[in-house]
Amino acid sequence: MQSMGSFTRRHFLQGTAAAAALSSLPGASLSSFAQQATAGQGFHAASVAPAAGSSADTLRGAGASRGILVGCAVRAELLRSNAPYAELVRRQAGLLVGESEFKFGPLRPTPTSFFFDDADTIAEFAHANGMQLRGHNFVWHRQLPVWFDAYMNRRTAEDVLVRHIEVVGGRYAGRMHSWDVVNEAIQISDGLPDGMRNSPWQKVLPGYIDIAFRTARRVDPKALLVYNDYAIEGEDEKSAAKREAVLALLRGMQARGVPLDAVGIQSHISAGPAHTYGPGLTKFMQDVQALGLKMLLTEMDVNDRELPPDVGARDAAVAEVYRSYLNTTLANPAVVALLTWGITDRFTWLNHEGNRKDTQPERCLPFDTDLQPKAAFTAELEALQKAPVR
Ligand code: XIL
């Protein structure tokens with residue numbers, strides 16, 4: 001927060017009570033382990049400001065009426081610098097997650113220090129606006145710091161991971177709706193037993209999944225602990241095989257008594273005739289539900305890369321995928337949350353993940369580049385409005 005000017009800060013925080021509560025929050029950035037472990041304590045979800053923007057014609061409001069938390073991934077830098085973006089998020093989202101700010105690399109400039117400014121910006125924005133917050137993530141094979149490979153080995157890795165979760169999880173304990181404890185641990189093509197990804201963590205700490213979940217539970221007993229993964233949504237054979245590997249992982253964790261509450265289905269999906277979402281996913285979700293686990297749709301967007309250039313046709317096709325995918329998935333009452341990965345096409349990671357052949361930007365989110373609602377917004381809203389009440 002210290003990096004924020006007074007103009008943006010005034011617009012950023014809503015409600016004087018919330019602002020007062022936040023002004024007492026210590027702003028640790030690159031201080032010692034000990035300070036970081038205690039910083040932020042005394043800032044609890046119980047003092048959250050009254051919910052705003054919960055009318056039935058918002059995504060957040062429509063979700064709330066069915067018992068579903070609805071929100072999106074945000075970027076701290078945009079919350080600070082772009083008022084119309086912040087206003088859109090404030091109105092539509094009841095649940096936030098950082099697009100990168102809570103990941104290992106961004107939080108860890110060195111093996112012994114932490115950088116919390118950007119993560120705190122998001123946590124404070126959520127708190128000031130009566131929103132819930134998700135942590136994403138403790139363990140992932142991407143966005144690791146430059147020092148990772150040289151520093152991490154079989155002797156150091158467990159201590160680094162446990163301390164990371166203690167400090168980061170401890171800082172936000174009591175304020176997190178849920179944590180993606182482990183992200184994307186399955187990659188069948190890597191050829192390891194059980195479909196495990198041959199990730200940097202796997203190489204130095206083969207038991208990292210159990211260690212991460214057990215530590216997370218100890219540090220933040222209130223947060224839902226989530227295993228999050230992608231490419232498990234489609235009707236194709238590869239997705240079906242990955243679903244089986246994920247289910248086996250979940251069952252194994254439960255058999256070993258590892259604490260686990262929910263599965264995050266990322267939902268980076270695609271429009272176009274080659275992509276269908278249906279019975280395979282429904283069955284997987286029933287299986288997850290039968291294990292006593294909740295589900296979250298954690299990162300939804302609809303890639304339009306394979307569609308012809310006409311914008312109207314693309315928007316209609318993308319909206320149709322939103323409608324049918326959400327009708328399928330929200331029908332399962334164990335789904336407790338839905339987040340899109342961003343909210344406006346102006347800022348979507350997909351534009352940096354291999355462009356469309358015609359180099360047009362993607363139209364994958366509910367709001368367009370001018371922050372106006374698209375057909376995908378209406379589709380998401382209507383799917384929420386008709387979802388069974390939780
Ligand atoms: C992406 C961010 O959106 C990008 O800005 C970043 O460069 C890479 O990561 N699955 C995930 C997310 O779990 O963390 C990814 O986020 C998107 C895919």
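The values are calculated or read from the model by the stated rules, or taken from the named source; none is laboratory data. Fair warning: this is a prediction, and the values are worked out from it, not measured in the lab. Cβ sites come from the backbone with ideal geometry, for glycine too, and all protein chains shown count toward neighbours. The protein model used for the area step is the full one, side chains on, heavy atoms only, and it has no ligands, DNA or RNA in it. Shrake-Rupley method; radii C 1.70, N 1.55, O 1.52, S 1.80 Å.
Name the most mobile residue of 179, 201, 349, meaning the one with the largest mean-square fluctuation, in a Gaussian network model of the chain with Cα contacts below 10 Å.
349
Check cross-link reach from residue 283 to the lysines: straight Cα distance under 26 Å, and skip same-chain residues fewer than eight apart.
Filter leaves 238, 242, 294, 386.
What are the ³J(HN,Hα) couplings of the range 141-152, residue after residue, when phi is run through the Karplus curve with 6.51, -1.76, 1.60 and θ = phi - 60°? Round to Hz, x for glycine and proline.
Those phi angles translate into 7, 10, 6, 8, x, 4, 7, 4, 5, 6, 8, 8 Hz.
Could you give the Stokes-Einstein D for the chain in µm² per second, using the C-alpha Kirkwood radius, 10 °C, 1.306 mPa s?
75 µm²/s
Once you've got the GNM for the chain with C-alpha springs shorter than 10 Å, pick whichever of 366, 309, 273 has the biggest mean-square fluctuation.
273
Using the Kirkwood formula over every pair of different C-alpha atoms, what hydrodynamic radius in Å results for the range 256-388?
Final number for the Kirkwood radius of the range 256-388 is 15.4 Å.
Whose amide H sits under 5 Å from the amide H of residue 337, counting only residues 5 or more places off or on another chain, with H placed in the peptide plane?
Correct list: 69, 297.
Which value, in debye to the nearest 20, describes the size of the charge dipole of the chain about its Cα centre when Lys and Arg Cβ atoms bear +1, Asp and Glu Cβ atoms bear -1, and nothing else is charged? Spell out each step's value before the answer.
Numbers: 40 positive and 42 negative charges, 215 e Å.
Here the chain has a charge dipole of around 1040 debye.
Which value, in Å², gives the accessible area per residue of the range 348-390 when a 1.4 Å probe is used on the protein heavy atoms?
49 Å²
What part of the accessible area of the chain, given as a whole %, is carbon or sulfur when the probe is 1.4 angstrom?
With neighbouring chains kept in place, the figure for the chain is 55 percent.
Quick check: pseudo-label points 7 Å beyond the Cα along Cα→Cβ at residue 151 and residue 112, how many nm apart are they?
1.0 nm
Counting Lys and Arg as +1 and Asp and Glu as -1, what is the net charge of the other residues whose Cβ lies under 12 Å from the Cβ of residue 56? Write down the numbers at each step before the final one.
Details: positive: 60, 66; negative: 57, 382.
Overall, the nearby charge balance is 0.
Each residue of the range 216-221 in order: what ³J(HN,Hα) in whole Hz does its phi give by Karplus 6.51 cos²θ - 1.76 cosθ + 1.60, θ = phi - 60°, with x for Gly and Pro?
Residue by residue, the range 216-221 yields 4, 4, 4, 7, 9, x Hz.
Just name one of 372, 157, 298: the one whose Cα is farthest towards the positive end of the charge dipole of the chain (beta-carbon charges, Lys/Arg +1, Asp/Glu -1).
Towards the positive end, the residue furthest out is 157.
Would you work out which of 355, 273, 169 lies farthest towards the positive end of the dipole of the chain, given +1 charges on the beta-carbon of Lys and Arg and -1 on that of Asp and Glu, about the Cα centre?
169
With Cβ to Cβ distances under 9 Å as the rule, what net charge do the other residues near residue 349 carry (K, R +1; D, E -1)?
On the way: positive: none; negative: 99, 301, 353.
Combined, the nearby Lys, Arg, Asp and Glu give -3.
Starting from the Kirkwood Rh over alpha-carbon pairs, what translational D in µm² s⁻¹ does the range 87-159 have by Stokes-Einstein at 4 °C and 1.567 mPa s?
Reported coefficient: 95 µm²/s.
Report, to two decimal places, the Cα Rg of the range 245-310 normalised by 2.2 N^0.38 Å (N = number of residues).
Compactness ratio reported: 1.40.
Sum -39500 (n - 2.57) across every DSSP H segment of at least 4 residues in the chain, then divide by the residue count to get the 222 nm mean residue ellipticity, nearest 500.
That comes out to -12000 deg cm²/dmol.
If I model a spin label at residue 360 and residue 286 as a point 7 Å from the Cα along the Cα→Cβ vector, what separation in nanometres do I get?
Between residue 360 and residue 286, the label points sit 3.9 nm apart.
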